[in-house]
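Below is one structure; the comments refer to it alone.
The values are calculated or read from the model by the stated rules, or taken from the named source; none is laboratory data. All of these numbers come straight from a predicted model, not from anything done at the bench. Using ideal geometry, Cβ is built from the backbone for each residue, glycine included, and neighbour counts are taken over all protein chains shown.
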């Protein structure tokens with residue numbers, strides 16, 4: 001498996017293996033507490049900045065090759081921060097992340113104005129929109145003007161139809177497809193999409209496919225556990241996603257995901273002999 005990432009500064013990064021993207025949440029309310037870098041009401045202290053540096057550095061040591069930074073939770077029943085608060089968090093945290101790593105950084109936001117500032121001023125390389133450009137009507141024009149790669153999350157039950165509808169709006173930039181596990185789908189629908197991932201990869205074979213299932217409801221709701229206890233189930237889903245053709249895994253637990261990638265690569269190589 002080989003794929004390229006075309007960055008807006010003219011660089012092309014080539015990967016000959018599936019890649020792990022580590023999640024950094026600059027939020028006090030993301031659904032998995034272990035991913036949060038701020039406590040409720042906490043100011044941007046020196047201690048918080050150091051903890052953020054250490055988390056990014058640990059992810060890189062554990063084998064992450066991309067970092068995804070978000071400052072607006074999209075957990076069920078969440079109350080989103082104002083755009084001003086989302087930007088305030090990013091203006092604090094994104095430069096710290098950029099300072100300590102040269103890895104590609106994606107900005108997880110569905111707000112076009114936030115995406116523009118994050119890419120133009122704060123060091124982000126990629127825009128990751130969990131609504132695939134449907135929530136903010138300006139997202140497509142902003143991303144195309146930036147020339148940044150765009151992660152298109154399918155916020156719909158019919159993933160294929162969603163991609164066919166949205167892709168023409170982002171002509172001229174590299175689009176990375178995300179089936180959108182947990183977005184606009186029932187529990188059974190999530191597993192149907194995962195089962196059909198090989199077919200989806202064949203249909204959109206010219207695109208990089210990203211899978212984000214880490215500690216999501218499709219694990220903990222099915223097993224009647226909490227997100228904190230969902231690592232084992234996540235590992236199972238990561239294995240199935242890789243065998244189904246995923247190029248990128250977006251994860252909370254980098255070390256464990258890198259181990260899955262390594263095992264699946266050896267397994268798939270053995271299968272070719």
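Looking only at residues in segment 47-81 that are over 23 Å from residue 125 (Cα atoms) and surrounded by fewer than 17 Cβ atoms within 10 Å (Cβ to Cβ), the one that is modelled with the highest pLDDT is 47. Among the residues of segment 112-124, those identified as in a loop (DSSP other than H, G, I, E, B) and surrounded by fewer than 20 Cβ atoms within 10 Å (Cβ to Cβ) are 121, 123. Scanning segment 85-107 finds one or more residues that are crowded, with 19+ Cβ neighbours inside 10 Å, outside any helix (DSSP H, G or I), out of contact with any helix residue (DSSP H, G or I) (no Cβ under 8 Å at 6 or more places or on another chain) and touching a residue at least 24 places away in the same chain (Cβ under 8 Å).
In a residue-by-residue description of segment 243-263, the property of being within 19 Å of residue 25 (Cα to Cα), at pLDDT below 95, in contact with a helix residue (DSSP H, G or I) (Cβ under 6 Å, 6 or more places away or on another chain) and in a helix (DSSP H, G or I) applies to no position.
The set of residues from segment 264-273 being assigned to a helix (DSSP H, G or I) and surrounded by fewer than 19 Cβ atoms within 10 Å (Cβ to Cβ) comprises 265, 266, 267, 268, 269, 270, 271, 272.
Of note, residue 127 does not satisfy the criterion of being at pLDDT 95 or above and surrounded by fewer than 22 Cβ atoms within 10 Å (Cβ to Cβ).
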